[in-house]
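Novice: I am attaching a structure below and will ask some questions about it afterwards.
The values are calculated or read from the model by the stated rules, or taken from the named source; none is laboratory data. Please read all numbers here as calculations on a predicted model, not as lab measurements. In this analysis, Cβ positions are derived from the backbone assuming ideal geometry, glycine residues included, and neighbour counts consider all displayed protein chains. Heavy atoms of the whole protein, side chains included, go into the accessibility calculation; ligands, DNA and RNA do not. Shrake-Rupley method; radii C 1.70, N 1.55, O 1.52, S 1.80 Å.
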Amino acid sequence: MPATVVVGTQWGDEGKGKFTDLVAKEMQLVVRYQGGHNAGHTIVVDGESFALQLVPSGVLYDHITPVIANGVVVDPTVLLAEMDMLTAKGVDCSRIKVSGNAHLILPYHQEIDRLTERRLGNAKLGTTKRGIGPAYSDKASRVGLRVQDLLDPKIFRAKLDVVLKEKNQVLAKVFNQLPLDADEIAHHYLEECRPRLEPHIADTVNLVHEALEAGQHVLLEGAQATFLDLDHGTYPFVTSSNPVAGGACTGAGIGPRYIDRVMGIAKAYVTRVGTGPFPTELAISGEAVGGKPRDGVDDEELRLGDHFVDVGHEYGTNSGRRRRPGWFDAVMLRHAVRLNSLSELAITKLDVLDKLEEVRVCVAYDVRGERMEHLPYHQSDLHAARPVYETLPGWRTDLTQATETHHLPREAEDYLAFLEEQVGVPIRLVGTGPGRTQFVHRRD
Ligand code: IMP
């Protein structure tokens, strides 16, 4: 049975959790294939909000095996705390499986992430400071510790001693910090975390293949998004893994021929956290890391920027950071369609546009007088890109009760049809509010 990938198409925070949850209902396995607890999915069930960082969305269904695959970086303390939170809310976590090949986040990763950002000052990336980049760096440098090392305390300790010697030199000589203690780290990981994690550690590649061979439905769940991809995003303002659909293959251990459906999630507008280029960005009156300066910006732009942040509740699920807002960017989306070979789109948060007189879509960039309809590959061109907008009438109707296509006013339908025409793939699902049932399923 073929597999489905759900992938973010912008800079993350598209509201993937809601539609991943919806698609997950039909699946037997839900597999997280990259990232770590830099992610934050919020799923609202019967008015109760579940904020997930590491555990795949499928955990809320009894029939699903949630899998944290080899491509993920795992902080065991965070994972166990998340399981405790879910258990306290009555969710059964016993089915969660964690790949023995997934890499561990260790305290020095978080320290180095935090200190590097501080040292970079104004040039910082605005990372989540969760140790994600340093953990993936160690994986690539082949000095990482893996989840399976927890099962062999001697190997864990030997690897830790080697790597910590170097990390402590870096902490002392580059960052002028006190060294970390190997005994303390080993005690926490081996004595406190291991006994609780051990029942969940598994050969997840085998698990995924057994499921596929048995004809089960497998959902591959991406975290972050296309333009935070290490290879294809707005480097260096990216995360350190591959959220694009292709990353699902390496991150879960399957070949591309198993994937026959790739659903891209896009918000009806765009947000970004952290620094980096953002052609359709609107200034806001509050502070946001890397945000557009307010100098010379007219009141109308500030009003719109604030509208997206306030009405869309655009604050980080876990970090609480204010997100930078902007209009929908069809140039980026066309590129995301290519990079992920999207078969369909789901648009989230359409209701956030409900009160606007008119809505804008960026259809091309003006780069020093030249019109570009594709994303420029050169960073200087992307920094220089000015959006070329098409303006459409707003619908000025409350969509939060809309659940059928015919509930959508003509202007909202026209907006969706315009996006489809611009990006070339059908929009199957449209989010009209945060609740599990607040969406419209569009059919052919
Ligand atoms: P890191 O993943 O913590 O290394 O952060 C690198 C960049 O990715 C920063 O700009 C973060 O704000 C961004 N980022 C990481 N995870 C997410 C996410 O789940 N949503 C949105 N942005 C994210």
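Novice: Scan the range 5-54 residue by residue and report those that are crowded, with 24+ Cβ neighbours inside 10 Å and of a type in the set (S, T, N, Q).
Specialist: T9, Q10, T20, Q34, N38 - these are the residues of the range 5-54 that are crowded, with 24+ Cβ neighbours inside 10 Å and of a type in the set (S, T, N, Q).
Novice: Might you let me know whether the range 137-149 holds any residue that is more than 25 Å from L178 (Cα to Cα) and open to solvent by less than 60 Å² (accessible area, probe 1.4 Å)?
Specialist: Yes, the conditions are met somewhere in the range 137-149.
Novice: May I pose another question? Among the residues that make up the range 430-438, is at least one of them of a type in the set (A, V, I, L, M), open to solvent by less than 40 Å² (accessible area, probe 1.4 Å) and free of Cβ contacts under 8 Å to residues at least 60 places away in the same chain?
Specialist: Within the range 430-438 (the criterion being of a type in the set (A, V, I, L, M), open to solvent by less than 40 Å² (accessible area, probe 1.4 Å) and free of Cβ contacts under 8 Å to residues at least 60 places away in the same chain), the answer is no, since none of the residues qualifies.
Novice: Can you name the condition, by its number, that G286 falls short on among (1) open to solvent by less than 40 Å² (accessible area, probe 1.4 Å); (2) at pLDDT 90 or above?
Specialist: (2)
Novice: Now a separate question. Within the range 308-345, track down each residue that is more than 15 Å from the ligand (Cβ to nearest atom), assigned to a strand (DSSP E or B) and not charged (D, E, K, R).
Specialist: Passing the criteria: F328, L345.
Novice: Here are the criteria: (1) within 14 Å of the ligand (Cβ to nearest atom); (2) at pLDDT 95 or above; (3) open to solvent by 10 Å² or more (accessible area, probe 1.4 Å). Tell me which single one D84 does not satisfy.
Specialist: With (1) within 14 Å of the ligand (Cβ to nearest atom); (2) at pLDDT 95 or above; (3) open to solvent by 10 Å² or more (accessible area, probe 1.4 Å) applied to D84, the lone miss is (1).
Novice: Then there is this: State yes or no: is T226 within 16 Å of the ligand (Cβ to nearest atom) and either touching a Leu at 6+ places or on another chain (Cβ under 6 Å) or hydroxyl-bearing (S, T, Y) (or both)?
Specialist: Yes; evaluated as a whole, the condition is true for this residue.
Novice: Count, please, the residues in the range 208-251 that happen to be outside any loop (DSSP other than H, G, I, E, B), of a type in the set (A, V, I, L, M, F, W, C) and surrounded by 20 or more Cβ atoms within 10 Å (Cβ to Cβ).
Specialist: So the answer is 9.
Novice: With Q169, Q110, Q177 as the choices, which residue is in contact with a Lys or Arg (Cβ under 7 Å, 6 or more places away or on another chain), open to solvent by 20 Å² or more (accessible area, probe 1.4 Å) and either within 11 Å of the ligand (Cβ to nearest atom) or more than 26 Å from H200 (Cα to Cα) (or both)?
Specialist: Q110
Novice: Assess whether V23 counts as being among the hydrophobic types (A, V, I, L, M, F, W, C), away from the ligand (no atom under 11 Å from the Cβ) and touching a helix residue (DSSP H, G or I) at 6+ places or on another chain (Cβ under 8 Å). Show your work before the answer.
Specialist: Working: among the hydrophobic types (A, V, I, L, M, F, W, C): yes; away from the ligand (no atom under 11 Å from the Cβ): yes; touching a helix residue (DSSP H, G or I) at 6+ places or on another chain (Cβ under 8 Å): no.
When the stated conditions are applied, V23 does not pass them.
Novice: Those residues that are within 16 Å of the ligand (Cβ to nearest atom) and either at pLDDT below 90 or in contact with a Lys or Arg (Cβ under 6 Å, 6 or more places away or on another chain) (or both), I need them from the range 254-274; list them, please.
Specialist: If the condition is that a residue be within 16 Å of the ligand (Cβ to nearest atom) and either at pLDDT below 90 or in contact with a Lys or Arg (Cβ under 6 Å, 6 or more places away or on another chain) (or both), then I265, K267, T271, R272, V273, G274 are the ones that fit.
Yes/no per residue for (1) among the charged types (D, E, K, R); (2) touching a Phe, Trp or Tyr at 6+ places or on another chain (Cβ under 7 Å); (3) buried (at least 16 other Cβ atoms within 10 Å of the Cβ):
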{"position": "G320", "(1), (2), (3)": "no, no, no"}
{"position": "H335", "(1), (2), (3)": "no, no, yes"}
{"position": "L356", "(1), (2), (3)": "no, no, yes"}
{"position": "R360", "(1), (2), (3)": "yes, yes, yes"}
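Novice: Check off (1) more than 16 Å from the ligand (Cβ to nearest atom); (2) open to solvent by 10 Å² or more (accessible area, probe 1.4 Å); (3) modelled with pLDDT of 95 or more; (4) of a type in the set (A, V, I, L, M, F, W, C) for V297 and give me the number that stays unchecked.
Specialist: If we test V297 against (1) more than 16 Å from the ligand (Cβ to nearest atom); (2) open to solvent by 10 Å² or more (accessible area, probe 1.4 Å); (3) modelled with pLDDT of 95 or more; (4) of a type in the set (A, V, I, L, M, F, W, C), just (3) comes out false.
Novice: In this structure, does A266 turn out to be in contact with a helix residue (DSSP H, G or I) (Cβ under 7 Å, 6 or more places away or on another chain), over 30 Å from V78 (Cα atoms) and open to solvent by less than 10 Å² (accessible area, probe 1.4 Å)?
Specialist: Values: in contact with a helix residue (DSSP H, G or I) (Cβ under 7 Å, 6 or more places away or on another chain): yes; over 30 Å from V78 (Cα atoms): no; open to solvent by less than 10 Å² (accessible area, probe 1.4 Å): yes.
Spelling it out, it is not the case that A266 is in contact with a helix residue (DSSP H, G or I) (Cβ under 7 Å, 6 or more places away or on another chain), over 30 Å from V78 (Cα atoms) and open to solvent by less than 10 Å² (accessible area, probe 1.4 Å).
Novice: Name the residue, out of V59, V91, that is open to solvent by less than 10 Å² (accessible area, probe 1.4 Å) and touching a helix residue (DSSP H, G or I) at 6+ places or on another chain (Cβ under 9 Å).
Specialist: Numbers: V91 fails: open to solvent by less than 10 Å² (accessible area, probe 1.4 Å).
Among V59, V91, only V59 is open to solvent by less than 10 Å² (accessible area, probe 1.4 Å) and touching a helix residue (DSSP H, G or I) at 6+ places or on another chain (Cβ under 9 Å).
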